[in-house]
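In what follows, a structure is listed as structure tokens, so that the remarks can point back to it.
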Amino acid sequence: MATIFSRIINGEIPCYKIAENDKFFAFLDINPVSKGHTLVVPKKEVNYIFTLGDEELGEMMVFAKKVAAAIEKAMPCKRIGVAVIGLEVPHAHIHLIPIVEEGDMDFKKEHVHLTNDEFLDIQKRIVEQF
Ligand code: 5GP
């Protein structure tokens, strides 16, 4: 069965898309740790990021770098934190999280609750930076 991320990539499930190319897809996390929290996923269904081949892993990071640059310009932050967890969705993904301090990377803290309009506004602000 297709993963939830494959269904998002295929357009079966809606998302706030940030960017895509032939191999990778980026969209806003639905339960963000901070405003602008974005996921980068390979279109190829791979459970664990480190099972990707060297070349694909490199390409994924280069794609994530471009997405991170756009997020950094759009969202007030000091850095874009990078995390790989993968305990919830068995489809490799990189979390890109705008942060001001170390604690902003804490996935256990209260997440940010956003309305549809707020998600759309963040999506627009980031997409404009490409
Ligand atoms: P992880 O697998 O890295 O532990 O967490 C998966 C991440 O995917 C979580 O941050 C969660 O909020 C996000 N996520 C899970 N399902 C969906 C979904 O249907 N849409 C979006 N946009 N994000 C999701």
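The values are calculated or read from the model by the stated rules, or taken from the named source; none is laboratory data. Fair warning: this is a prediction, and the values are worked out from it, not measured in the lab. FYI the Cβ positions are ideal-geometry reconstructions off the backbone, even for glycines, and counts take in every protein chain you see.
Based on what the data block shows, is Leu28 more than 14 Å from the ligand (Cβ to nearest atom) and either touching a Pro at 6+ places or on another chain (Cβ under 8 Å) or of a type outside the set (Ser, Thr, Tyr) (or both)? Against the criterion (more than 14 Å from the ligand (Cβ to nearest atom) and either touching a Pro at 6+ places or on another chain (Cβ under 8 Å) or of a type outside the set (Ser, Thr, Tyr) (or both)), Leu28 does not qualify.
Among the residues of region 1-22, those identified as among the hydrophobic types (A, V, I, L, M, F, W, C) and part of a loop (DSSP other than H, G, I, E, B) are Met1, Ala2, Ile13, Cys15.
From the list Ile85, Ile99, the one residue that fits, being away from the ligand (no atom under 13 Å from the Cβ), of a type outside the set (Asp, Glu) and either modelled with pLDDT under 95 or closer than 18 Å to Val67 by Cβ (or both), is Ile99. Please verify whether Val89 is part of a strand (DSSP E or B) and under 14 Å from Ser6 (Cα atoms), treating the condition exactly as stated. Considered against the rule, which asks whether it is part of a strand (DSSP E or B) and under 14 Å from Ser6 (Cα atoms), Val89 comes out as no. Residue pairs whose Cβ atoms lie under 9 Å apart, sitting 6 or more positions apart in sequence or on different chains, and linking a residue in region 106-126 that is farther than 18 Å from Ile18 by Cβ to a partner that is surrounded by 13 or more Cβ atoms within 10 Å (Cβ to Cβ) and hydroxyl-bearing (Ser, Thr, Tyr), are His111/Ser34.
Residues checked against (1) farther than 27 Å from Ala2 by Cα; (2) not β-branched (Val, Ile, Thr):
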| site | (1), (2) |
| --- | --- |
| Asp29 | no, yes |
| Pro32 | no, yes |
| Gly53 | no, yes |
| Phe63 | no, yes |
| Val84 | no, no |
| Ile99 | yes, no |
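The condition of being over 20 Å from Phe24 (Cα atoms) and among the charged types (D, E, K, R) holds for Glu102. Report yes if Phe107 is part of a helix (DSSP H, G or I), near the ligand (Cβ under 10 Å from one of its atoms), closer than 13 Å to His37 by Cα and modelled with pLDDT of 95 or more, otherwise no. Spelling it out, it is not the case that Phe107 is part of a helix (DSSP H, G or I), near the ligand (Cβ under 10 Å from one of its atoms), closer than 13 Å to His37 by Cα and modelled with pLDDT of 95 or more.
In region 1-53, the qualifying residues are those that are within 13 Å of Ile122 (Cβ to Cβ) and without any contact (Cβ under 8 Å) to a residue 24 or more places away in the chain, and the one that is nearest to the chain's Cα centre (by Cα) is Phe27.
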